[in-house]
Amino acid sequence: MKIQKKLRDLALATKGFMPPEEGDALFVAACEACRAAPGLKLVEIGSYCGRSTIWLGAAARINNTVLFSVDHHFGSEENQIGWQWHDDSLVDAQTQKLNTLPEFLRTLRQSALGDAVVPVVSDSELFGAQFTTDLSFLFIDGGHGESPTKRDYETWTPKIAPRGYLAIHDVFADPKDGGQAPHDFIYRRALDSGLFTQVSATGSLRVLRRRDEVQPSRVSS
Ligand code: SAH
Ligand code: MG
(Lines give C-alpha, C1' and ligand atoms only; values in the text may rest on other atoms or scores of the structure.)
(Ligands and ions follow the chains in the order given, each with its own letter.)
Protein backbone atom coordinates (compact mmCIF):
# COMPACT_ATOMS: atom_id res chain seq x y z
CA MET A 1 0.00 0.00 0.00
CA LYS A 2 1.23 3.49 -0.86
CA ILE A 3 0.07 6.89 0.24
CA GLN A 4 -1.60 8.99 -2.50
CA LYS A 5 0.89 11.37 -4.09
CA LYS A 6 -1.39 14.34 -3.43
CA LEU A 7 -1.42 13.61 0.30
CA ARG A 8 2.31 12.97 0.46
CA ASP A 9 2.98 16.27 -1.33
CA LEU A 10 0.77 18.05 1.19
CA ALA A 11 2.65 16.42 4.07
CA LEU A 12 5.96 17.58 2.59
CA ALA A 13 4.59 21.12 2.27
CA THR A 14 3.39 21.13 5.90
CA LYS A 15 5.51 22.59 8.70
CA GLY A 16 6.95 19.95 11.00
CA PHE A 17 9.68 17.55 11.88
CA MET A 18 8.96 14.39 9.92
CA PRO A 19 11.49 13.63 7.15
CA PRO A 20 9.93 12.12 3.98
CA GLU A 21 11.41 8.63 4.30
CA GLU A 22 10.41 8.42 7.96
CA GLY A 23 6.88 9.54 7.09
CA ASP A 24 6.71 6.81 4.45
CA ALA A 25 7.96 4.25 6.99
CA LEU A 26 5.33 5.48 9.44
CA PHE A 27 2.62 4.96 6.82
CA VAL A 28 3.81 1.41 6.05
CA ALA A 29 4.03 0.53 9.76
CA ALA A 30 0.54 1.90 10.44
CA CYS A 31 -0.91 -0.13 7.56
CA GLU A 32 0.80 -3.30 8.85
CA ALA A 33 -0.54 -2.64 12.35
CA CYS A 34 -4.07 -2.20 11.01
CA ARG A 35 -3.83 -5.58 9.33
CA ALA A 36 -2.28 -7.22 12.41
CA ALA A 37 -4.95 -5.90 14.79
CA PRO A 38 -7.97 -5.20 12.56
CA GLY A 39 -10.65 -2.73 13.59
CA LEU A 40 -8.64 -1.11 16.36
CA LYS A 41 -7.79 2.59 16.49
CA LEU A 42 -4.59 4.59 15.98
CA VAL A 43 -3.25 7.31 18.28
CA GLU A 44 -0.64 9.96 17.58
CA ILE A 45 0.86 11.98 20.44
CA GLY A 46 2.19 15.28 19.03
CA SER A 47 0.21 16.62 16.05
CA TYR A 48 2.05 19.97 15.76
CA CYS A 49 0.93 21.31 12.34
CA GLY A 50 -0.30 17.95 11.06
CA ARG A 51 2.68 16.79 9.03
CA SER A 52 2.93 13.23 10.42
CA THR A 53 -0.86 13.25 10.84
CA ILE A 54 -1.27 13.09 7.06
CA TRP A 55 0.70 9.84 6.69
CA LEU A 56 -1.11 8.31 9.65
CA GLY A 57 -4.56 9.62 8.74
CA ALA A 58 -4.12 8.23 5.21
CA ALA A 59 -3.22 4.83 6.68
CA ALA A 60 -6.25 4.94 8.98
CA ARG A 61 -8.61 5.80 6.15
CA ILE A 62 -7.32 3.10 3.77
CA ASN A 63 -7.80 0.57 6.56
CA ASN A 64 -11.29 1.77 7.54
CA THR A 65 -10.33 2.95 10.97
CA VAL A 66 -9.65 6.22 12.77
CA LEU A 67 -6.64 8.16 14.05
CA PHE A 68 -6.86 10.22 17.24
CA SER A 69 -4.25 12.97 16.94
CA VAL A 70 -3.46 14.45 20.36
CA ASP A 71 -1.77 17.79 21.11
CA HIS A 72 -2.44 20.68 23.48
CA HIS A 73 -1.04 22.83 20.64
CA PHE A 74 1.01 25.01 22.97
CA GLY A 75 4.24 23.45 21.69
CA SER A 76 6.98 21.56 23.49
CA GLU A 77 9.72 23.28 25.47
CA GLU A 78 12.04 23.38 22.44
CA ASN A 79 9.32 25.08 20.31
CA GLN A 80 9.00 28.09 22.63
CA ILE A 81 10.29 31.57 21.83
CA GLY A 82 14.08 31.66 22.12
CA TRP A 83 14.52 27.88 21.77
CA GLN A 84 16.10 25.92 18.91
CA TRP A 85 12.92 24.63 17.26
CA HIS A 86 10.86 27.82 17.48
CA ASP A 87 8.91 29.08 14.45
CA ASP A 88 7.83 32.71 14.81
CA SER A 89 5.00 32.34 12.29
CA LEU A 90 3.17 30.07 14.77
CA VAL A 91 2.94 32.69 17.51
CA ASP A 92 -0.61 33.90 18.29
CA ALA A 93 -0.71 37.67 17.70
CA GLN A 94 -2.95 38.27 20.73
CA THR A 95 -1.34 36.08 23.36
CA GLN A 96 2.21 36.18 21.97
CA LYS A 97 2.33 32.45 22.74
CA LEU A 98 2.82 29.52 20.40
CA ASN A 99 -0.41 28.04 19.03
CA THR A 100 -0.25 25.34 16.35
CA LEU A 101 -3.99 24.60 16.29
CA PRO A 102 -4.94 26.98 13.42
CA GLU A 103 -2.18 25.56 11.20
CA PHE A 104 -3.11 21.99 12.18
CA LEU A 105 -6.78 22.56 11.28
CA ARG A 106 -5.76 24.12 7.97
CA THR A 107 -3.68 21.05 7.14
CA LEU A 108 -6.54 18.76 8.10
CA ARG A 109 -8.99 20.65 5.92
CA GLN A 110 -6.60 20.65 2.94
CA SER A 111 -5.98 16.93 3.32
CA ALA A 112 -9.71 16.10 3.38
CA LEU A 113 -8.85 13.44 5.96
CA GLY A 114 -11.47 14.76 8.35
CA ASP A 115 -13.43 11.50 8.10
CA ALA A 116 -10.46 9.53 9.43
CA VAL A 117 -8.77 11.91 11.89
CA VAL A 118 -10.17 12.98 15.26
CA PRO A 119 -8.24 16.02 16.52
CA VAL A 120 -7.87 15.96 20.29
CA VAL A 121 -6.82 19.28 21.83
CA SER A 122 -5.58 18.05 25.17
CA ASP A 123 -2.62 17.25 27.31
CA SER A 124 -1.59 13.72 26.43
CA GLU A 125 -1.78 12.33 29.97
CA LEU A 126 -5.14 13.98 30.69
CA PHE A 127 -6.73 12.49 27.58
CA GLY A 128 -4.97 9.15 28.04
CA ALA A 129 -6.57 8.71 31.45
CA GLN A 130 -10.02 8.92 29.79
CA PHE A 131 -9.20 6.82 26.73
CA THR A 132 -9.94 3.16 27.35
CA THR A 133 -9.90 1.74 23.80
CA ASP A 134 -7.29 -0.79 22.67
CA LEU A 135 -4.93 0.42 19.97
CA SER A 136 -3.53 -1.18 16.84
CA PHE A 137 -0.96 1.61 16.54
CA LEU A 138 0.59 4.19 18.84
CA PHE A 139 2.95 6.91 17.62
CA ILE A 140 4.76 8.87 20.34
CA ASP A 141 6.21 12.23 19.22
CA GLY A 142 5.08 14.59 22.00
CA GLY A 143 7.20 16.20 24.70
CA HIS A 144 10.82 15.05 24.38
CA GLY A 145 12.08 15.61 27.94
CA GLU A 146 12.42 13.01 30.71
CA SER A 147 9.06 13.51 32.42
CA PRO A 148 6.84 13.78 29.28
CA THR A 149 8.43 10.70 27.69
CA LYS A 150 8.01 8.71 30.93
CA ARG A 151 4.40 9.87 31.22
CA ASP A 152 3.60 9.02 27.60
CA TYR A 153 5.12 5.57 27.98
CA GLU A 154 3.20 4.84 31.17
CA THR A 155 -0.09 6.36 30.00
CA TRP A 156 -0.29 5.02 26.48
CA THR A 157 1.73 1.83 25.88
CA PRO A 158 -0.57 -0.36 28.04
CA LYS A 159 -3.33 0.38 25.53
CA ILE A 160 -1.51 -1.30 22.63
CA ALA A 161 -3.23 -4.56 21.76
CA PRO A 162 -1.28 -7.78 21.23
CA ARG A 163 0.29 -7.64 17.74
CA GLY A 164 -0.24 -3.85 17.76
CA TYR A 165 2.61 -1.45 16.99
CA LEU A 166 4.51 1.20 18.93
CA ALA A 167 6.31 3.83 16.83
CA ILE A 168 8.67 6.31 18.49
CA HIS A 169 10.22 9.39 16.92
CA ASP A 170 13.52 11.11 17.68
CA VAL A 171 15.23 8.02 19.05
CA PHE A 172 18.96 8.73 19.28
CA ALA A 173 21.37 6.18 20.70
CA ASP A 174 24.21 8.70 20.60
CA PRO A 175 23.78 11.97 22.57
CA LYS A 176 25.64 13.91 19.86
CA ASP A 177 22.67 13.24 17.50
CA GLY A 178 19.96 14.53 19.85
CA GLY A 179 18.21 14.28 23.22
CA GLN A 180 18.19 10.90 24.90
CA ALA A 181 14.77 10.81 26.56
CA PRO A 182 12.78 9.09 23.77
CA HIS A 183 15.58 6.52 23.50
CA ASP A 184 16.00 5.91 27.24
CA PHE A 185 12.45 6.24 28.54
CA ILE A 186 10.36 4.87 25.65
CA TYR A 187 12.41 2.84 23.18
CA ARG A 188 14.77 1.07 25.60
CA ARG A 189 12.11 0.67 28.21
CA ALA A 190 9.70 -0.97 25.74
CA LEU A 191 12.38 -3.40 24.50
CA ASP A 192 13.68 -4.12 28.01
CA SER A 193 10.14 -4.91 29.20
CA GLY A 194 10.23 -7.97 26.93
CA LEU A 195 6.78 -7.07 25.63
CA PHE A 196 7.96 -5.59 22.33
CA THR A 197 10.22 -6.61 19.47
CA GLN A 198 11.67 -4.29 16.84
CA VAL A 199 10.15 -4.26 13.37
CA SER A 200 12.06 -1.47 11.64
CA ALA A 201 14.34 1.55 12.02
CA THR A 202 14.31 4.52 9.61
CA GLY A 203 16.29 7.63 10.53
CA SER A 204 15.26 8.39 14.11
CA LEU A 205 11.99 6.45 13.79
CA ARG A 206 11.76 3.11 15.56
CA VAL A 207 8.85 0.73 15.08
CA LEU A 208 8.19 -2.04 17.59
CA ARG A 209 5.53 -4.74 17.69
CA ARG A 210 3.80 -6.05 20.79
CA ARG A 211 4.26 -9.75 21.29
CA ASP A 212 0.93 -11.49 21.08
CA GLU A 213 1.23 -13.78 24.10
CA VAL A 214 0.83 -11.07 26.76
CA GLN A 215 -2.38 -9.21 27.55
CA PRO A 216 -2.47 -5.36 27.59
CA SER A 217 -3.26 -5.29 31.31
CA ARG A 218 0.09 -6.94 32.00
CA VAL A 219 2.03 -3.98 30.62
CA SER A 220 3.23 -1.65 33.33
CA SER A 221 6.07 0.66 34.16
N1 SAH B 1 4.57 14.89 14.81
C2 SAH B 1 4.88 16.27 14.46
C3 SAH B 1 5.83 16.93 15.41
C4 SAH B 1 5.42 16.94 16.85
S5 SAH B 1 6.31 18.16 17.78
C6 SAH B 1 5.39 16.35 13.03
O7 SAH B 1 5.34 15.38 12.28
O8 SAH B 1 5.85 17.40 12.60
C9 SAH B 1 5.79 17.78 19.40
C10 SAH B 1 4.37 18.22 19.72
O11 SAH B 1 4.04 17.63 20.97
C12 SAH B 1 4.16 19.73 19.89
O13 SAH B 1 3.21 20.20 18.97
C14 SAH B 1 3.68 19.89 21.33
O15 SAH B 1 2.65 20.85 21.51
C16 SAH B 1 3.17 18.50 21.66
N17 SAH B 1 3.21 18.18 23.09
C18 SAH B 1 4.27 18.26 23.94
N19 SAH B 1 3.92 17.87 25.17
C20 SAH B 1 2.61 17.53 25.12
C21 SAH B 1 1.67 17.05 26.09
N22 SAH B 1 2.02 16.84 27.36
N23 SAH B 1 0.41 16.81 25.69
C24 SAH B 1 0.03 17.02 24.40
N25 SAH B 1 0.89 17.47 23.44
C26 SAH B 1 2.15 17.72 23.79
MG1 MG C 1 9.68 14.24 16.15
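The values are calculated or read from the model by the stated rules, or taken from the named source; none is laboratory data. Quick caveat: nothing in here was measured; it's all calculated off a predicted structure. Glycine gets a Cβ as well: all are built from the backbone with ideal geometry, and neighbour counts include every protein chain shown. Keep in mind that these areas ignore ligands, DNA and RNA; they rest on the heavy atoms of the full protein, side chains included. Shrake-Rupley method; radii C 1.70, N 1.55, O 1.52, S 1.80 Å.
Percent relative contact order of the chain, based on C-alpha pairs within less than 8 angstrom and at least six residues apart? Don't skip to the end; give the middle numbers.
Working: 428 pairs, mean separation 44.1, N = 221.
Relative contact order of the chain: 20 percent.
If you average 1/r across every pair of different Cα atoms in the range 125-221 and take the reciprocal, what Kirkwood value do you get, in Å?
Details: mean 1/r = 0.0753 Å⁻¹.
Its Kirkwood hydrodynamic radius stands at 13.3 Å.
Around F68, with a cut-off of 10 angstrom between Cβ atoms, what is the net charge of the other residues, counting Lys and Arg +1 and Asp and Glu -1? Numbers along the way, then the final one.
Working: positive: K41; negative: E44.
Summing Lys and Arg as +1 and Asp and Glu as -1 gives 0.
Please compare each pair in K5/K41; K5/K150; K150/K176; K2/K150; K6/K41 to a cut-off of 31 Å on the Cα-Cα distance and tell me which ones are over it. Intermediate results must be reported in sequence, preceding the final value.
Values: K5/K41 24 Å; K5/K150 36 Å; K150/K176 21 Å; K2/K150 33 Å; K6/K41 24 Å.
Checking Cα-Cα distances, K5/K150; K2/K150 exceed 31 Å.
Determine, for each peptide in 68-81, 92-105, 4-17, the mean count of other beta carbons within 10 angstrom over its residues, then list the peptides with the highest first.
Numbers: 68-81: 18.9, 92-105: 14.6, 4-17: 16.1.
Highest-to-lowest ranking by the protection proxy: 68-81, 4-17, 92-105.
Using the Cα atoms of the range 5-214 to build a convex hull, what is its mean projected area in square nanometres?
On the way: hull surface 44.1 nm².
It is 11.0 nm².
Given labels modelled 7 Å from the Cα in the Cβ direction, how far is it in nm from V121 to D212?
Placing both labels 7 Å along Cα→Cβ, they lie 4.1 nm apart.
For K97, which aspartates and glutamates qualify as cross-link partners when the Cα separation must be under 16 Å and same-chain residues fewer than eight apart are set aside?
Of all the aspartates and glutamates, those that pass the test against K97 - Cα under 16 Å, at least 8 places apart if same chain - are D71, E77, E78, D87, D88.
I'd like the carbon and sulfur percentage of the solvent accessible area for the chain, probe radius 1.4 Å, heavy atoms only, ligands and nucleic acids excluded. Walk me through the numbers on the way to the answer.
Working: 5200 of 10280 Å².
About 51 percent, which is the carbon plus sulfur part of the accessible surface.
With every protein chain kept in place and ligands, DNA and RNA left out, what is the accessible area per residue of the range 5-214? Probe 1.4 Å, answer in Å². Write down the numbers at each step before the final one.
Values: 9270 Å² over 210 residues.
Ligands and nucleic acids excluded, the result is 44 Å² per residue.
Expressed in nm to one decimal, what extension gain is obtained for the pair T95 and E146 from 0.36 nm per residue of sequence separation less their Cα-Cα distance? It would help to have the intermediate numbers written out before the result.
Values: separation 51, 0.36 × 51 = 18.36 nm, distance 2.78 nm.
Here the segment from T95 to E146 would lengthen by 15.6 nm.
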